[in-house]
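Undergrad: Below you'll find the structure I mean.
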Amino acid sequence: MKIKNYINGEFINPISGEYIDNYNPSNGAIYSQIPNSSNEDVALAYQAAKKAFPNWSKTSLDKRSKILSKIATLIEEKLDFLATAESKDNGKPLSLAKAIDIPRASANFQFFANAITQFSSEAHESTGFNAVNITLREPIGVVGCISPWNLPLYLFTWKIAPAIAAGNCVVAKPSEVTPMTAYLLGEICSEAGLPKGVLNIVHGLGITTGQAIVSHPDIKAISFTGGTKTGAHIASIAAPMFKKLSLELGGKNPNIIFDDCNYEDMLETTVKSSFANQGQICLCGSRILVEETIYERFKADFIKKVSELKVGNPFETDTNIGALVSKQHLEKVKSYIDIAEQEGGKTLFGGNEVAVKNSEKGYYLQPTIIEVSDNNCRLNQEEIFGPVVTIMSFKTEKEALELANDTQYGLSATLWTNNLNRTMTITKQLKTGIVWVNTWLLRDLRTPFGGTKASGVGREGGFEALRFFTEAKNICIKYE
Ligand code: TXE
């Protein structure tokens, strides 16, 4: 099957006619091809977006909102179809795609369909000056959205929905590793009546297609989610061109566990925060820090729970852990297990590839727990982005906080305690954009989402996203 670019409401071949193979991670087979788009394809997408902008930006909020809602409904109606496509493309359990990825993609459109009707320009009477100040929030024009492979449709729509809700037209690129649901979204948008050119989806490699979007002089804002190195590279191109930038990058998130927590809740959630989506979520708690008093108990219970997880074909209903997204990524994750051994880390569970019956060429890895004693080891400092967590103990609150903050990243942290004073002391001092207390990945789409330090700049979600995708203009009117 050949995936095509979606430009000006039409599915078209890349100008060069070149295609790249796309793999099914559950069995290692090539199952589709995607356009290897070049600067010319991006230019075409830009022209379509530019042409659509004057009308779309002036379309009433009510109409925009209705179209976004319609897209949300169509995604919901096609849940099984889209979840199956996502699972095949990404390797994630079908059950996860059905429960999380696709419902969230629909929710992204529904949320911004509502949010845009509540997002307003502001006016301030400047008392004493006979003046009124108006702050208009105007759409930027043509914006670029570039998304990764771990939560394909979920993250793709998380950018596109606020961008178009705010009146912009979009040139978007999904990851070349997981292009399928983005391709299917094009059809859904046409069916929902989204005018031609409002959303244009260009497929291809990061270094060519992605870079063409970032360096296009008239694409004025870039919203990117992906690796920290890529984010830095994108910033080096976009910043001198004075583009607005939102960068959601990697994480090395601490999961801090105190002995006064609700132990059973903590244990169950920690299994999820460690290994959900094969550990390929930027919010996974990959550094588990446990208070010394319960360390041995936790270790034994955690190993037991993790050993019960089933690694298997994503389409089997009892599979907990599916395939990693690509051969290349599997190799990267495995290399960290080797590094652990060289650094003196002790593998408590896992560490090996899994041969899944009838899918022997798939990219399966056991959930892996490694005990470390030094937070400066590479395993605790570098993002692995796979089913590999480290555990280590701490003695005091102060030590826990120091360990938690001792990383270049600052995306999220999880804290398990029932002590209110400790909760406030620690959460206020954690240098992360998000802190969960006694829970993990509980998302309210109104909240700001994003990280500090090497985890990126800017916030997505709620009005933050609508502010990003608009330019604020102040008009000051003096009257007699
Ligand atoms: O991501 P890339 P990769 C982390 C994770 C992973 C590492 C590398 O640690 O192991 O990044 O993964 C596009 N100009 N995360 O290499 O390259 C690319 O085509 C413009 C964390 O697969 O960052 C894709 O669409 N675009 C992360 C998107 O960027 C470029 C999720 C992300 O790919 C580009 C994914 C360029 N020069 C990986 N180069 C998270 N924060 O959730 C690449 N791209």
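Undergrad: Of K229/K327; K229/K272; K98/K244, which sit over 23 Å apart, Cα to Cα?
TA: The answer is K229/K272; K98/K244.
Undergrad: Also, quick follow-up: Taking Cα atoms, how many degrees apart are the long axis of helix 420-429 and the longest axis of the chain, rounded to 10 and kept between 0 and 90?
TA: Here the helix axis deviates by roughly 60 degrees.
Undergrad: Using all alpha carbons of the chain, what is the percent of pairwise distances in each 20 Å bin, ordered from the shortest bin to the longest?
TA: Calculated over all Cα pairs of the chain, the distribution is 24, 54, 21, 1, 0 percent.
Undergrad: Also, I was wondering about something else. On C-alpha positions alone, give me the angle between the axis of helix 327-343 and the longest principal axis of the chain, in degrees, nearest 10.
TA: Result, in degrees: 40.
Undergrad: Also: Search the structure for amide H atoms under 5 Å from the amide H of N8, placed 1.01 Å from N in the peptide plane, and list their residues when 5 or more places away or on another chain.
TA: Residues meeting the amide H criterion: G197.
Undergrad: Just need the relative contact order of segment 335-480 here, percent rounded to a whole number, with Cα pairs under 8 Å and 6+ apart.
TA: 14 percent.
Undergrad: Moving on to the next point. Given 0.36 nm per residue, what is the gain on full extension from K395 to I475 after removing their alpha carbon distance, in nm?
TA: Between K395 and I475, full extension yields an extra 23.2 nm.
Undergrad: So what are the ³J(HN,Hα) numbers for segment 25-41, from phi and the Karplus equation (6.51, -1.76, 1.60; θ = phi - 60°), rounded to whole Hz, Gly and Pro as x?
TA: x, 6, 9, x, 8, 6, 10, 7, 10, 10, x, 9, 6, 10, 3, 5, 5
Undergrad: Carbon and sulfur atoms: what percent of the 1.4 Å accessible area of segment 387-480 do they account for?
TA: Here it works out to 54 percent.
Undergrad: Could you check the spin-label model distance between E331 and I134? Points 7 Å from the Cα along Cα→Cβ, value in nm.
TA: It works out to 5.9 nm between the two label points.
Undergrad: Okay, next question. Find the relative contact order for the chain and round it to a whole percent, using C-alpha pairs within less than 8 Å whose residues are 6+ positions apart. Present the calculation step by step, with values, prior to reporting the outcome.
TA: Details: 1108 pairs, mean separation 90.9, N = 480.
RCO, the chain: 19 percent.
Undergrad: A follow-up question, please. Whole-Hz ³J(HN,Hα) for each residue in segment 69-82, computed from phi via Karplus 6.51 cos²θ - 1.76 cosθ + 1.60 with θ = phi - 60°, x for glycine and proline: what do you get?
TA: Taking θ as phi minus 60°, the curve returns 4, 5, 4, 4, 5, 5, 4, 4, 5, 9, 3, 5, 4, 5 Hz for segment 69-82.
Undergrad: Counting only protein heavy atoms and a 1.4 Å probe, tell me what percentage of segment 1-132's accessible area is made up of carbon and sulfur.
TA: Values: 3260 of 6190 Å².
Ligands and nucleic acids excluded, carbon and sulfur reach 53 percent.
Undergrad: May I ask you to evaluate 6.51 cos²θ - 1.76 cosθ + 1.60, the Karplus curve with θ = phi - 60°, for each residue of segment 307-322 and list the ³J(HN,Hα) values in order in whole Hz, giving x for glycine and proline?
TA: Here the 3J(HN,Hα) series is 5, 8, 5, 9, 8, x, 4, x, 8, 7, 5, 8, 6, 9, 10, x Hz.
Undergrad: So if R0 is 51 Å, what FRET efficiency would I15 and T293 give, r being the distance between their Cβ atoms, rounded to the nearest 0.05? Don't skip to the end; give the middle numbers.
TA: Values: r = 64 Å, r/R0 = 1.26.
Plugging the Cβ-Cβ distance into 1/(1 + (r/R0)^6) gives 0.20.
Undergrad: Computing the accessible area with a 1.4 Å probe over protein heavy atoms, can you report the carbon and sulfur percentage for segment 182-316?
TA: Details: 2670 of 4680 Å².
Looking at segment 182-316 in its full context, I get 57 percent from C and S.
Undergrad: Quick one: accessible area per residue over the chain, 1.4 Å probe, rounded to a whole number of Å²? Walk me through the numbers on the way to the answer.
TA: Working: 19440 Å² over 480 residues.
About 40 Å² of surface per residue is accessible.
Undergrad: Between the alpha-carbon centers of segment 185-220 and segment 1-28, tell me the distance in whole angstrom.
TA: 13
Undergrad: Sticking with this structure for a sec: Give the distance, in whole Å, between the Cα centre of segment 234-290 and the Cα centre of segment 303-376.
TA: If you average the Cα positions of each part, the centres end up 18 Å apart.
Undergrad: Related question: To test your reading of the geometry: what angle, between 0 and 90 degrees and rounded to tens, separates the Cα axis of helix 180-191 from the longest principal axis of the chain?
TA: 30
The values are calculated or read from the model by the stated rules, or taken from the named source; none is laboratory data. Nothing here was measured: the structure is a model prediction, and the numbers come from that model. Methodologically, a virtual Cβ is constructed for each residue, glycine included, from the backbone with ideal geometry; neighbour enumeration extends over all protein chains shown. Side chains included, ligands, DNA and RNA excluded: accessible areas come from the protein's heavy atoms. Shrake-Rupley method; radii C 1.70, N 1.55, O 1.52, S 1.80 Å.
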